[in-house]
Amino acid sequence: GKHILANVTYVTVIMPVILIIIFVIRTAFLPGAGAGISFYIGKFEGKELLKLEVWATALSQILFSLSPGFGTAITYSSYAKPKEDVFKICMIVAVTNSVFSIIGGFGIFAMVGNMALKDGVSVEEKSQAAGPGLAFIVIAEAMDSFGAFKNFMAVLFFVMLLTLGLDSAFAWTETLVSIMDDTMVMNGYDRFPTWKSSLIVSIALFLVGLVYTTRMGNEVLDVVDHYVGIVFLL
């Protein structure tokens, strides 16, 4: 149960941190990295702050990242000790989440700068051309910079993406299992054994996820992301 999940999470959380640090250090020494980093932290357009769309996108992203509107944080906090300092934990999670994202951005834009230099275009053009899949494209391109270790590092990085996805899956499954159990108890029914609840939730999520594997998967994802990740949360 949650004890096994806690042990697994040590690996699935610590490994991405280590790999991102390696990624940032390596890409920082590539030709053109300086231009990419300058674009990342030096290009500031104050007028963009006057647009509601910018604030809506930023707020939806941080809400989605921290998951306060999906019940995950509440579910996990229900396992805390009665006298646990929840405020302190929330602050640590919120700060480290943002710091991790900012640090990762240095590696991504350092690589974008290198790619822009190779293609003879500006960093802005290169970053806009990649679109939402920027991180995936950049990480794939960055593997060549590791020389003889590129195949090894490629495996590690894409295993990292898999483990991050598993972390999210753990959180969603645990949340939905808790909702199912609590709903049954409130309605006077005996709760299912944990493995049965987990199996039901996993099958349901699998069936829902099949929609995203179709040709219209990306379009469906955009619609769900907009209405669930932005409109619903805000």
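The values are calculated or read from the model by the stated rules, or taken from the named source; none is laboratory data. Given the structure is predicted, the values throughout are model-derived calculations rather than measurements. Here the Cβ is made from the backbone with ideal geometry for all residues, glycine too, and neighbour counts use every protein chain on show. SASA here: full protein model, heavy atoms, side chains in, ligands and nucleic acids out. Shrake-Rupley method; radii C 1.70, N 1.55, O 1.52, S 1.80 Å.
Some notes on this structure:
- Close pairs from segment 50-70: first on the phi > 0 side of the Ramachandran plot, partner of a type outside the set (V, I, T) and loosely packed, with under 15 Cβ neighbours inside 10 Å, Cβ under 6 Å, at least 6 apart: none
- Screening I20 against (1) open to solvent by 50 Å² or more (accessible area, probe 1.4 Å); (2) in contact with a helix residue (DSSP H, G or I) (Cβ under 7 Å, 6 or more places away or on another chain); (3) not basic (K, R) leaves a single unmet condition, (1).
- Condition met for I139 (touching a residue at least 60 places away in the same chain (Cβ under 8 Å) and either part of a helix (DSSP H, G or I) or open to solvent by 80 Å² or more (accessible area, probe 1.4 Å) (or both)): yes
- Index of the failed condition, M160 passing every other in (1) at pLDDT below 80; (2) in contact with a Lys or Arg (Cβ under 6 Å, 6 or more places away or on another chain): (2)
- Close pairs from segment 96-112: first at negative phi, partner surrounded by fewer than 24 Cβ atoms within 10 Å (Cβ to Cβ) and among the acidic types (D, E), Cβ under 8 Å, at least 6 apart: M111/E141
- Taken over segment 148-185, the criterion of being of a type in the set (V, I, T) and either touching a Phe, Trp or Tyr at 6+ places or on another chain (Cβ under 9 Å) or open to solvent by less than 70 Å² (accessible area, probe 1.4 Å) (or both) is satisfied by V159, T163, T173, T175, V177, T183.
- Within segment 71-82, the set of residues being open to solvent by less than 90 Å² (accessible area, probe 1.4 Å), without any contact (Cβ under 8 Å) to a residue 60 or more places away in the chain and more than 26 Å from V231 (Cα to Cα) comprises just one member, A80.
- Counting only residues that are assigned to a helix (DSSP H, G or I) and surrounded by fewer than 11 Cβ atoms within 10 Å (Cβ to Cβ), segment 186-208 holds 6 of them.
- Hits in segment 83-120 (condition: of a type in the set (A, V, I, L, M), over 14 Å from S65 (Cβ atoms) and surrounded by fewer than 13 Cβ atoms within 10 Å (Cβ to Cβ)): V86, M91, I92
- A169 vs. criteria of a type outside the set (S, T, Y), closer than 20 Å to V13 by Cβ, modelled with pLDDT of 80 or more and in a helix (DSSP H, G or I): yes
- Scanning segment 51-67 for residues that are out of contact with any Gly (no Cβ under 9 Å at 6 or more places or on another chain) and surrounded by fewer than 16 Cβ atoms within 10 Å (Cβ to Cβ) returns K51, L52, E53, V54, W55, A56, T57, A58, L59, I62, S65.
- Among the conditions (1) closer than 21 Å to S78 by Cβ; (2) open to solvent by less than 60 Å² (accessible area, probe 1.4 Å); (3) not small (G, A, S), the only one that V224 does not satisfy is (1).
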